[in-house]
Amino acid sequence: MSDKPVIFVLNGPNLNLLGLREPEIYGSDTLDDIAGKLEDRAQELGVDVEVRQSNHEGHLIDWIHEAQGDNAKAILLNAAGFTHTSVALHDAIKAVSVPVIEVHLSNPHAREAFRHKSYVGEAAKGTISGFGAFSYLLALDAAMQL
Ligand code: CA2
């Protein structure tokens, strides 16, 4: 185990399909590609990244708690569809002192009205959206400024 600060990068439902479906909306990078880019940038910045994905809301909540227990420097959270539905994720973000940065590949505000509400964004430190895979790298740089 390294003694560098760690940043958790948590990804929600269906993001395991990235790069395989709907590239016109979400780009052609897979989640593994994004993880690789984050790891390269993290190395330059002197931090570790812990990149995870789950299709299950409870896993994301448990990992937010784990980030607190591990004294993580920040959490980058793309909660995907749970962004727009989950009071439980909102509560989990509020319950920890680790700053959470909401991340999206697309710009939900330029899409359907049901994507305009974000329970995550209402609890997060800030939001970066609309830049495809680069949203994650921007969020990592933002986390370093906190
Ligand atoms: O733009 C984003 O990052 C989203 O979080 C993606 C979510 C969507 O519900 C949010 O409104 C915005 C959807 C993730 C689904 O991922 C897929 C990836 C490839 C193919 C199909 C779905």
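The values are calculated or read from the model by the stated rules, or taken from the named source; none is laboratory data. It should be emphasised that the depicted structure is a prediction, and the values quoted were computed from it without experimental measurement. When we count neighbours, we look across all protein chains shown, and the Cβ atoms used for this are built from the backbone with ideal geometry, even at glycine. Surface accessibility is based on the protein's heavy atoms, side chains included, excluding ligands, DNA and RNA. Shrake-Rupley method; radii C 1.70, N 1.55, O 1.52, S 1.80 Å.
Values for this structure:
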quantity: Shape call, segment 80-146: gyration tensor on alpha carbons, a/c limit 1.5; calculated: oblate
quantity: Shape call, segment 38-82: gyration tensor on alpha carbons, a/c limit 1.5; calculated: oblate
quantity: Kyte-Doolittle mean at least -1.0, axial Cα span of 18 Å or more - DSSP H helices of the chain; calculated: 31-45, 57-69
quantity: Probe 1.4 Å, protein heavy atoms only - accessible area per residue of the chain in square angstrom; calculated: 50 Å²
quantity: Cβ-placed point charges (K, R +1; D, E -1), dipole of the chain about Cα centre in debye, nearest 20; calculated: 420 debye
quantity: Sum of -39500 (n - 2.57) over DSSP H runs of 4+, divided by residues of the chain (222 nm, nearest 500); calculated: -10500 deg cm²/dmol
quantity: Candidate lysines - alpha carbon under 18 Å from K94, same-chain residues fewer than 8 apart omitted; calculated: K73, K117, K125
quantity: Heavy-atom accessible surface of segment 6-144: percent carbon and sulfur, 1.4 Å; calculated: 48 percent
quantity: Cα-based Rg of the chain normalised by 2.2 N^0.38 Å, two decimals; calculated: 0.96
quantity: Ranked packing of 120-127, 16-23, 106-113, 5-12, most packed first, by mean Cβ within 10 Å; calculated: 5-12, 120-127, 16-23, 106-113
quantity: Candidates I75, I34, I101: whichever shows maximal mean-square fluctuation once the chain is modelled as a Gaussian network with Cα springs under 10 Å; calculated: I34
